[in-house]
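Everything on this sheet refers to the single structure shown next.
The values are calculated or read from the model by the stated rules, or taken from the named source; none is laboratory data. Just so it is clear, the model here is predicted, and its values are computed rather than measured. All Cβ positions, even for glycine, are placed from backbone atoms using ideal geometry, and neighbour counts span all protein chains on display.
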């Protein structure tokens, strides 16, 4: 055996790639002068593909397996070089390893709001974000269209372009879907599938596909969400008229004619309480007499708070009015026995003559005579 054949058998060229970066999509096998020995072993693992580029021209694509780089294993390169017989000298080629596994948990989102027409709210601005995964399906096309001569191509170099494609198709899909904003949360899965279907032809031109695309959230501007929250609160309240009456009654202690009446009643009751305390203490105020009992006096209960009333007139509520104001209205003819009134704590509207506290307002004048 010649010494040259012995050495060529001992030193076998091994071509392989193991990746631990988790974001490398394409890696070029580096060999000085790009010289690859005839009969070299090419190892392509699962989740990889090896692309041969010979003298600037794509020659062949190898799927997972173990290959001996010989003439009978490279028919395309043989036809390119017009090799009609075996060769032993090194040949100059570039080998690009392409990662064909899924790249997971990639983020996408709308940088600016997307304007669309909602069937219920009219023109609205929407924001959305989610995740997606991408995979190389055609290594040769991906190398020609995207990578070029880049020796190490990572996912970050193409993720921005994919996000732009997703956002553009999302705007078109939302505009054509006609789904109300309030129903989008229940249709995010269908929208995600429809969006992935619309994007598929564009990514196929790059040799890529999106196995998964998820829409995690679709939101309105903060100001619109606040109005929507108020609308939801109104839905919980129910009868708006009754709620307005309740709010008016709650506000009586803060402003309005009723506040004056309440303050007057409280002031009168406080004055009476002070007078009683002064009378019990004697003519010298707080100085007790020798004969005065030393037992502790029980203070009287606080005076009752005067009610205030709302009056129904022409289908609308007026007020609140104090009892004194209602007395003046009765004398002036603006309040009759048939007028409906309401006060906080009363169960519905009642005629004035059916309310014991107001019935005495009409005893000053004689009631209408009975029918003859």
For residues that are in contact (Cβ under 8 Å) with a residue 40 or more places away in the chain and surrounded by 16 or more Cβ atoms within 10 Å (Cβ to Cβ), tally how many sit in the range 197-210.
-> 6
Looking at 291, 277, 325, which is the one that is modelled with pLDDT under 60 and either surrounded by 10 or more Cβ atoms within 10 Å (Cβ to Cβ) or in contact with a helix residue (DSSP H, G or I) (Cβ under 8 Å, 6 or more places away or on another chain) (or both)?
-> 277
Can you tell me which of 33, 39 is modelled with pLDDT under 85, on the phi > 0 side of the Ramachandran plot, exposed (fewer than 13 other Cβ atoms within 10 Å of the Cβ) and in contact with a strand residue (DSSP E or B) (Cβ under 8 Å, 6 or more places away or on another chain)?
-> 33
